[in-house]
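S.K.: Shown below is the structure under consideration.
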Amino acid sequence: MHTSSERPTTNAHLLGWVEEMAKLCKPDRVYWCDGSEAEKKRLTEEAVAAKVLIPLDQKKWPGCYYHHSNPNDVARVEHLTFICTPTKEDAGPTNNWMEPKEAYRKLGALYDGAMKGRTMYVVPYVMGPATSPFSKVGIEITDSVYVALNMGIMARMGKVALDRLGQSNEFNRGLHSVADCNPERRFICHFPQDNTIWSIGSGYGGNALLGKKCLALRIASYLAKNEGWLAEHMLILEAESPTGEKQYVAAAFPSACGKTNFAMMIPPAVFKGWKIRTVGDDISWMRVGEDGRLWAVNPENGYFGVAPGTNRKTNPNAMDSVRKDTLFTNVARTADGDIWWEGWDTEAPPELTDWKGQHWKKGSPDKAAHPNSRFTAPAKNNPAISPSVDDPKGVPISAIIFGGRRSTTVPLVLEAFNWTHGVYLGATMGSETTAAATGQVGVVRRDPMAMLPFCGYDAGSYFQHWLDMQTRIPHPPKVYMVNWFRKSAEGKFLWPGYGDNMRVLKWMLDRAAGRVGAQETLLGNTPKAGDLDLTGLDAPKENVAAATKIDLGEWEQELESQAEWFDKLGKTLPKPIALQREMLLERVRSA
Ligand code: SAT
Ligand code: MN
C-alpha cells in the first residue's frame with residue numbers, strides 16, 4: 001500500500017490538491033490506486049472483509065462479487081444534482097443551479113471530517129483510449145472501496161493515467177464521499193469552469209463513479225461546446241456487412257431504454273453474414289476528422305448496465321460480458337452464491353435474498369432485484385467488442401439516431417430532412433421515465449438528445465452548439481428518430497425490438513450509404529413499402545403497420561405540446577429550432 005509518504009507522482013498540482021482534500025476530509029489513510037491486478041485482488045479482499053462485497057460462487061462466476069447499496073441510494077438523483085456556474089443563466093432552465101462559492105462552502109462543511117476512520121482512495125483514470133488526443137484525465141478521490149473497484153472496470157485506471165498526466169495541471173478534480181449516505185445531505189455538484197466535481201452522500205453509479213455521467217457528459221459537454229466537439233449520451237455500434245464494409249452509428253436513448261441491448265444486438269437469421277459489434281454502450285465523444293466526417297470514441301472501458309430484462313435471448317453478449325470479473329449491485333442472490341433478476345432466463349428459484357438483503361419467496365409481489373439493479377462488466381469480456389475500441393482516432397459515424405420510449409405518436413423510424421431538422425428532432429425528443437432516476441416512472445418528459453440530466457450548461461445554447469456543428473462537419477451523418485416502444489390500444493408492444501431492430505438499422509445504414517430511396521412524409525423520410533426487410537419477423541403485419549404509422553392527429557397534439565417545452569427553454573432557444581416546429585405544425589394543420 002502506498003502511504004502518503006509513498007506517492008506515485010511528483011506532479012505538484014496533483015499532490016497539492018490531494019493534500020488539501022485530505023486536510024478537509026481527514027481520512028485515517030491515503031491510498032493511491034495503481035490499477036494493477038494485484039491491487040484489485042487486495043482491494044476486493046478488503047471489501048469482502050468489510051462486507052461491502054459478497055463473493056458469488058467462484059466456479060460459476062469467477063471474479064464476480066455482489067453489492068447491496070443502501071436502500072435509500074439506488075439511482076441517480078436529478079433533484080440533488082447541480083451545475084455550479086457563475087450565473088444561473090449559464091446552467092439554464094433545465095439544470096439545478098448553485099452559486100459556486102456557496103456550493104463549495106455548503107459541501108465543504110459536509111466534507112469536513114467526513115472520512116475520519118476511513119481510507120481515502122486516490123483514483124487516477126483516463127476517459128478514452130490511453131493515447132488518444134480525444135481522451136481526458138480525471139482524478140477521483142473517494143472513501144468508497146466499491147467506487148474504486150468500479151472505476152477500475154469503467155475507466156482505464158491507475159498508472160496509465162498518471163503517466164499520461166505527467167506534470168500537467170489539466171485534470172478533472174473529483175471529490176467523492178459517501179459520508180453518512182443521507183439523502184438530506186446528498187449533493188452532486190459540477191463546477192465546469194474549474195473542471196471540478198464534488199459529490200457527497202451517495203455511493204450509487206451515476207452519482208459516484210465520477211468519470212461517467214459527471215465528467216464524460218456534464219463537464220465534457222461544457223468543454224465540447226468551448227472546443228467545438230460533441231460529448232453525447234450515445235452508444236456507438238459497428239455494423240459489418242457480408243461484403244466486409246464497416247459502418248458506424250451513434251445512438252442516443254435515455255437511461256434504461258435499451259442502449260446496451262442495441263449496442264450488443266444479434267441480428268435475426270435473415271441478416272446472414274452481418275456482424276454487429278460494440279464500440280460503446282453509453283457515451284460518445286465526437287470530433288470532426290481531417291476527412292470532414294464525424295469521428296467518435298467511447299470514453300469508457302466497461303458497461304454499467306441495467307440487469308433486469310437481460311437474458312440469453314434479449315442480450316446474449318451482455319450475459320457473456322458478465323460471466324467473469326463483474327460486480328453486481330442490487331440484484332437478487334441465492335444462498336449458494338448464484339444470482340437472479342426479473343427477466344432472467346429461468347423462473348425465480350423458490351427462495352432468494354432480495355436486493356434489500358431480505359428473505360424473498362417466489363410469488364412475492366415485491367421485486368427480488370431492484371428495477372435499476374446493475375452489472376459493472378469489463379468491456380473486454382464482450383465477445384462482440386469492436387476491434388476499433390482502442391483506436392485513438394475513433395470511428396467514423398454515418399448516422400446519428402435519437403430514440404425515446406413512447407407508447408404513442410412516434411413511428412418506428414423517421415429520417416430527418418437535413419441537419420437542422422435532425423437537431424430539432426433531437427431537441428424535442430420525449431420519453432417515458434424509467435427507474436434509472438429517482439422519481440415517478442412512466443410519464444412523458446422531454447429529454448433532448450437523451451441529455452436532459454447530463455448537459456452541463458444551458459439547453460438552448462446546447463442546441464445552438466449542435467446547429468453550429470453543421471458548418472464544422474463537411475460530411476455530416478444522417479440523423480434519425482426511432483421508437484421501439486409504441487404500444488397497441490391494449491397496451492402491448494407493437495414491435496418486437498431487440499435483434500429485430502436490425503431491420504430498421506439496416507435501412508438507416510443503406511440510406512446513409514445512398515443505397516436505398518425513401519418516402520417523404522410531412523414529418524420526415526420513412527421507408528418505402530417493402531424497404532424494411534421483414535422476412536421471418538415474428539409479428540403480425542398489422543402491428544408493423546401500426547408501429548410505422550404517422551397519425552397526423554396525434555402529431556398535431558405532439559407539436560402543440562412542444563410549445564410548452566420551448567417556453568420552458570426561454571430566450572436561448574435557437575430561432576431555427578422554433579421555426580421547425582411552426583413549419584411542421586402548419587403543414588400538419590393544413591394537410
Ligand atoms: O447511473 S448511471 O447514470 O451511471 C446510469 C444511467 O442512468 O444511465
Ligand atoms: Mn446512460
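S.K.: Report the relative contact order of the chain, percent, no decimals, based on alpha-carbon pairs under 8 angstrom and at least 6 residues apart.
M.R.: 14
S.K.: Further, regarding this structure: On a 0 to 90 degree scale, rounded to 10, what angle separates helix 575-590 from the longest Cα axis of the chain?
M.R.: In the chain, helix 575-590 runs at an angle near 40 degrees to the longest axis.
S.K.: Could you tell me how many cubic angstrom of Cα convex hull volume segment 86-232 has per residue?
M.R.: 120
S.K.: Any idea what angle helix 501-512 forms with the longest principal axis of the chain, computed on alpha-carbon atoms, 0 to 90 degrees, nearest 10?
M.R.: So the helix axis and the longest Cα principal axis differ by about 70 degrees.
S.K.: Largest first and to the nearest Å, give the Cα extent of the chain along each principal axis.
M.R.: Sorted from largest, the Cα extents of the chain read 72, 56, 45 Å.
S.K.: Only bridges with both residues in the chain count here: give the DSSP antiparallel percent, nearest 5.
M.R.: Close to 65 percent.
S.K.: Could you give the C-alpha radius of gyration of segment 343-420 expressed as a fraction of 2.2 N^0.38 Å, taking N as the number of residues it contains?
M.R.: 1.79
S.K.: Kindly provide the helix-only [θ] at 222 nm of the chain, computed as the sum of -39,500 (n - 2.57) over DSSP H runs of four or more divided by all residues, to the nearest 500 deg cm²/dmol?
M.R.: Per the formula, -8000 deg cm²/dmol.
S.K.: Next question, about the same structure. Grab the Cα-Cα distance for residue 445 and residue 99, subtract it from 0.36 nm times how many residues apart they are, and report the gain in nm with one decimal.
M.R.: My answer for the length gained is 121.9 nm.
S.K.: With an 8 Å cut-off on Cα pairs and a minimum separation of 6 or more residues, tell me the relative contact order of segment 67-154 in percent.
M.R.: 17
S.K.: Around residue 64, which amide H atoms from residues at least 5 apart in sequence, or from another chain, sit under 5 Å from its own amide H, with H modelled in the peptide plane?
M.R.: Sorted by chain and number, the residues that satisfy this are 56, 325, 326.
S.K.: Between exposed GluC sites (Glu not before Pro) in the chain, where DSSP calls loop and at most 15 other Cβ atoms lie within 10 Å, what's the longest gap?
M.R.: Maximal segment without exposed cleavage sites: 7-169.
S.K.: Between helix 459-472 and the chain, what is the angle of the helix's C-alpha long axis to the longest principal axis, kept within 0 to 90° and rounded to the nearest 10?
M.R.: The answer is roughly 70 degrees.
S.K.: Something else now. Pop out the ³J(HN,Hα) list for segment 53-66 in order, Karplus 6.51 cos²θ - 1.76 cosθ + 1.60 with θ = phi - 60°, rounded to Hz; leave Gly and Pro as x.
M.R.: So the J values, rounded to whole Hz, are 10, 10, x, 8, 4, 6, 6, 7, 10, x, x, 9, 9, 10.
S.K.: Another question about this same structure. For segment 310-459, what number results from the quotient of the Cα radius of gyration and 2.2 N^0.38 Å?
M.R.: Taking the Cα Rg and dividing by 2.2 N^0.38 Å, one obtains 1.31.
S.K.: What is the calculated FRET efficiency for residue 541 to residue 50, with r their C-beta to C-beta distance and R₀ = 51 Å, to the nearest 0.05?
M.R.: 0.35
S.K.: Shifting gears a bit: Roughly how big is the chain's charge dipole about its Cα centre, with Cβ charges of +1 (Lys, Arg) and -1 (Asp, Glu), in debye to the nearest 20?
M.R.: 360
Quick note: the coordinates plus some simple rules give every number you see, no bench work behind them. Because the structure is predicted, anything quoted here is derived from the model rather than measured. Here the Cβ is made from the backbone with ideal geometry for all residues, glycine too, and neighbour counts use every protein chain on show.
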